[in-house]
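Notes follow the structure.
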Amino acid sequence: MFYYRILFSTLVLLGYSFKTAEMAMGFDASAAVTRAQFVKFKASGNTFFIARIHRSIGQPDSAGITNIKTAYDGM
């Protein structure tokens with residue numbers, strides 16, 4: 001019975017910690033994204049964007065760098 005009380009107390013505390021957690025919505029992209037698409041993503045509640053700026057073969061990704069510039073223009 002004692003272990004059930006500890007388990008219950010732990011679950012209640014975890015429940016409170018999850019209740020106060022906040023979420024942020026965002027997206028990532030490796031293909032080119034237009035300014036209009038960034039404006040639409042922001043209007044739908046996205047607050048961050050992750051761009052791929054480096055390819056696995058060791059070269060920079062010019063589309064990702066352009067996306068970052070376009071994202072700033074869209075904000």
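Taking the stretch 31-75, which residues are small (Gly, Ala, Ser) and at pLDDT below 85? Reasoning before the result, please.
Here is the first cut: in the stretch 31-75, the residues small (Gly, Ala, Ser) are 31-32, 36, 43-45, 51, 56, 58, 62-64, 71, 74.
Answer for the stretch 31-75, where residues must be small (Gly, Ala, Ser) and at pLDDT below 85: just 74.
Working only within the stretch 28-52, note down all residues that are touching an Asp or Glu at 6+ places or on another chain (Cβ under 9 Å) and free of Cβ contacts under 8 Å to residues at least 24 places away in the same chain.
Within the stretch 28-52, 49, 51 qualify.
Collect the residues in the stretch 24-39 that are outside any loop (DSSP other than H, G, I, E, B) and within 18 Å of residue 66 (Cβ to Cβ), keeping them in residue-number order.
Answer for the stretch 24-39, where residues must be outside any loop (DSSP other than H, G, I, E, B) and within 18 Å of residue 66 (Cβ to Cβ): 27, 28, 29, 35, 36, 37, 38, 39.
The values are calculated or read from the model by the stated rules, or taken from the named source; none is laboratory data. From a predicted model like this one, the values you see are computed outputs, not experimental measurements. Here Cβ is always computed from backbone atoms with ideal geometry, including for glycine, and neighbour counts include all displayed protein chains.
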